[in-house]
1. Of the cross-linked pairs LYS31/LYS59; LYS59/LYS152; LYS59/LYS153; LYS127/LYS152, which ones have a Cα-Cα span greater than 25 Å in the structure shown?
2. Add +1 for every Lys or Arg and -1 for every Asp or Glu among the other residues with Cβ under 13 Å from the Cβ of ASP64, and state the total.
3. Given Cα pairs under 8 Å that are at least 6 residues apart, what percent is the relative contact order of segment 1-95?
4. Tell me, what is the percent relative contact order of the chain, built from C-alpha pairs under 8 Å that lie six or more residues apart?
5. Based solely on its DSSP helices, what 222 nm [θ] is calculated for the chain when runs of n ≥ 4 H residues each add -39,500 (n - 2.57) and the sum is averaged over all residues, nearest 500 deg cm²/dmol?
6. When all C-alpha to C-alpha distances in segment 17-162 are sorted into bins of 5 Å, what percent of pairs does each bin hold, rounded to whole numbers?
7. At what distance in nm do the modelled label points of GLN67 and CYS89 sit from each other, each positioned 7 Å from its Cα along Cα→Cβ?
8. Taking all protein chains in place and a 1.4 Å probe, what share, in percent, of the accessible surface of segment 23-152 do carbon and sulfur account for?
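The values are calculated or read from the model by the stated rules, or taken from the named source; none is laboratory data. Predicted, not measured: the structure shown is a model, and the values here were computed from it. Note: ideal-geometry Cβ built from the backbone for every residue, glycine included; neighbour counts use all protein chains shown. Surface areas here come from the heavy atoms of the whole protein model, side chains and all, with no ligands, DNA or RNA. Shrake-Rupley method; radii C 1.70, N 1.55, O 1.52, S 1.80 Å.
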Amino acid sequence: MTKREREITDIQEILAILDKCKVVHIGLVDKDQPYIVPMNYGYTYENGQLTLYLHGAKKGYKYDLIQANPKVCFEMECDTMPFEGKVACQYGMVYSSVMGKGTAEIVEDVEEKIEAMAILMKTQTGKDFSFNEQLVSIVNVIKIHVTEFTAKKRPMPEGMKK
């Protein structure tokens, strides 16, 4: 990570970013090319382990890629706002972000899919939802076992205009 002064190490602050962001950009491996897709997500953080849950249609290119190579990376950002400076090099962007790496799997277990969808909806809306086997039978759920992650925050510099 460059710009160490922007690094966030407090896990509670990182979890607050995960709560606030709503879209994660997932990087998948497509032979010798990267493939990136934005998705809604849910997460858990238990015993020091971050896990992301995503959902989508029953079929799609991303599932083929995960089956061929489960390595993924991800990035999400929130609180973005541009600011101006006196010269071009002083312009910039305020943000909070989390990025990391892990391995993805397509969840097959019905009970785990039900739990994952409830987690996803709680992260996205702050509300509790119930799911049943019929509801989760029409979607795929991706579980990302996060192996490493970092977070950064760039506040508004003093004296800068929005």
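1. On the way: LYS31/LYS59 19 Å; LYS59/LYS152 34 Å; LYS59/LYS153 36 Å; LYS127/LYS152 27 Å.
LYS59/LYS152; LYS59/LYS153; LYS127/LYS152, as the Cα separations exceed 25 Å there.
2. Numbers: positive: LYS31, LYS58, LYS59, LYS62; negative: ASP30.
Around ASP64, the charge tally is +3.
3. Values: 106 pairs, mean separation 23.4, N = 95.
Worked out over segment 1-95, it gives 25 percent.
4. Values: 316 pairs, mean separation 47.5, N = 162.
For the chain, the relative contact order is 29 percent.
5. -7000 deg cm²/dmol
6. Here the calculated profile for segment 17-162 is 2, 9, 17, 19, 17, 13, 9, 6, 4, 2, 1, 0.
7. Between GLN67 and CYS89, the simple spin-label model gives 5.2 nm.
8. Numbers: 3940 of 7380 Å².
Heavy-atom surface of segment 23-152 belonging to carbon and sulfur, 1.4 Å probe: 53 percent.
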